[in-house]
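A short worksheet on the structure shown next.
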Amino acid sequence: MSEAAAPDVSFVVPTYREEENLPHLVEHVRTGLAASGLSWELIIANDESGDGTERVCAELAKNDPVRLLNRTRDRGLALAVIDGAKLARGTYVVVMDGDLSHPSTAVPQMAEILKRDAAVKMVVGSRNVADASTDAGWPIVRHLATFVATSLARPLTSMRDPMSGFFMLRRADWPAGELRPIGYKIGLEIAVRCGFGRGAIAEVPIHFTDRQHGKSKMSLRELHNYGRHVLNLYRFRWPAFRILMQGGIGAIGYFVDLAGFFLLQAGGLGHLAARLVSYWPANLCTWWLNRVYTYDDRPRRRAGPQFALFAALTLAGFGINALVYYLLTAHVAFFDAHKPLAILAGVLAGFALNYVCSNRLIFRRL
């Protein structure tokens, strides 16, 4: 297809083992746009699923503008969308799921909004605006999970439905900068990293249907990845959030330390020996949580040497903590009379050292 014959709309659909849905998807798109006069192409960004996707796409391409991008590395729904969008030739790029849950009949309205209003950069098919609806068969657990996930994303965007996987942008507005999604919520990633505020995002109501063919790809791993993704976006929006994350993880480490201390004592170990032993599981816990969550956007280094350095520097932080406490209580009458405040000052001083060392040395950028 030449540039002159480029379609009006490029559908980018990430898939994994959706062989059964693909013929229905093509019919779904064809009938959804039939009355609008919009020309289209369908880009299947498939994570080499080992089913019949390649064969089915080759058959569909004989009669319809279907193209297959078979991805063999860096798998993931959001990453598949990014790769698929690079192949798009349409004026508008639509991202939608391959399970027929998103109504293609909403696409002409979405395109009209972008055509009419230059201030709007992204149009979202929303389940949370007036006249929108969701299949009645959705289980309560799924409703609850969606509510929690939506609540976590609300501070990041003005979208009423930040969990939507159905959205449209002009191809000219597709982000040229770095996107760093984890998991499957690429729409949220684009809205936040591109700084799309309230006036730049429009939402149209849709009826969200449950899949009829194939199996859902939702899993605990995907939910965990979504949590990590949201934390990444919080750090992007508010860089100081990293300090809060490390402080929160430090508090978790404190309770792990405390629990270990009392358990060891209950097992017959003396309080000094228990104190020396309980520190290390807590230290390992805080290092691992910081590695996986607080600094997961930093290069991964060998775990053993990194933990050894972390342990050494947190011991130094503990030393600063104790030194500040001693100096304040020994030389300042106020702190001698209010020892909890001296403890707090020591904790803050030790945490400051730990944060600087973690940020600049232990989990440093390349």
Open item on the list: With angles folded into 0 to 90 degrees, how steeply does helix 339-357 sit against the dominant principal axis of the chain? Use alpha carbons for both and round to 10.
Closed with: 50
- [ ] Once you have the Cα-Cα distance between GLN306 and ASP83, take 0.36 nm times their residue separation minus that, and quote the gain in nm to one decimal.
- [x] 76.9 nm
- [ ] Count the DSSP beta bridges whose two residues both fall in the chain, then state the antiparallel fraction as a percent rounded to the nearest 5.
- [x] 25
Open item on the list: Could you order the peptides 166-179, 117-130 from most to least packed, using the average number of other C-beta atoms within 10 Å per residue?
Closed with: 117-130, 166-179
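How much length would be gained if the chain were fully extended between HIS143 and PHE262, taking 0.36 nm per residue of separation minus their Cα-Cα distance, in nm to one decimal?
Full extension from HIS143 to PHE262 adds 38.8 nm.
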TODO: Take the Cα atoms of the range 231-366, find their three principal axes, and give me the spread along each one in whole Å, biggest first.
DONE: 43, 39, 23
Open item on the list: For a protection proxy built on the mean count of beta-carbon atoms within 10 angstrom, sort 251-262, 285-296 highest first, please.
Closed with: 285-296, 251-262
TODO: Compute log10 of I(q)/I(0) for the range 59-140 with the Debye formula, placing one identical point scatterer on every Cα and leaving out solvent, at q = 0.21, 0.26 Å⁻¹, to two decimals.
DONE: -1.25, -1.40
- [ ] Answer with one residue from ILE362, PRO7, VAL26: the one whose Cα lies farthest towards the positive end of the charge dipole of the chain, charges on Cβ with Lys, Arg +1 and Asp, Glu -1.
- [x] ILE362
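Pop the C-beta distance of GLU48 and ALA118 into the FRET formula with R0 = 45 Å and round what comes out to the nearest 0.05.
It comes to 0.70.
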TODO: Tell me what the chain gives for mean residue ellipticity at 222 nm when only DSSP H runs of n ≥ 4 count, each as -39,500 (n - 2.57), the sum divided by the residue total, rounded to 500 deg cm²/dmol.
DONE: -16000 deg cm²/dmol
Task: Theoretical FRET efficiency, 1/(1+(r/R0)^6), r = Cβ-Cβ of ALA330 and TRP280, R0 22 Å, to 0.05 - done: 0.15
Open item on the list: Based only on Cα atoms, what mean projected area does the convex hull of the chain have, in nm²?
Closed with: 24.3
TODO: Compute the long axis of helix 271-289 from its Cα atoms, compare it with the longest principal axis of the Cα atoms of the chain, and write down the angle in degrees, 0 to 90, nearest 10.
DONE: 20
Open item on the list: Counting other beta carbons within 10 Å of each residue's own, what order do SER39, SER358, SER133 fall into, fewest first?
Closed with: SER133, SER39, SER358
Open item on the list: Tell me the angle of helix 241-266 to the major Cα principal axis of the chain, expressed in degrees between 0 and 90 and rounded to the nearest ten.
Closed with: 50
TODO: Could you please state, rounded to a whole Å, how far the C-alpha centre of the range 1-64 is from the C-alpha centre of the range 98-151?
DONE: 20
TODO: Among MET96, GLY137, VAL66, pick out the residue whose Cα is farthest towards the positive end of the charge dipole of the chain, where Lys and Arg carry +1 and Asp and Glu carry -1 on C-beta, about the Cα centre.
DONE: MET96
Task: By average C-beta atoms within 10 angstrom, highest first, the peptides 232-238, 335-341 - done: 232-238, 335-341
- [ ] Would you mind calculating the gained length between ARG198 and ALA352 on full extension (0.36 nm times residue separation, minus the Cα-Cα distance), in nm to one decimal?
- [x] 51.8 nm
Task: Charge-dipole axis of the range 241-362 as Lys and Arg at +1 and Asp and Glu at -1 on Cβ define it, positive-most pick from GLY260, GLY248, ALA345 - done: GLY248
TODO: Would you list, by chain and number, the aspartates and glutamates whose Cα falls below 14 Å from the Cα of LYS115, excluding same-chain residues fewer than 8 positions away?
DONE: ASP8, ASP173
Open item on the list: For the range 15-92, what does the convex hull of the Cα positions come to per residue, in cubic angstrom?
Closed with: 90
Open item on the list: Under 37 °C and 0.692 mPa s, how fast does the range 215-306 diffuse according to Stokes-Einstein, given a Kirkwood radius computed over C-alpha pairs? Answer in µm²/s, whole number.
Closed with: 216
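We did not get these values from a lab; they are worked out from the coordinates using the rules stated. All figures in this text were calculated on a predicted structure; none of them were measured in a lab. Glycine gets a Cβ as well: all are built from the backbone with ideal geometry, and neighbour counts include every protein chain shown.
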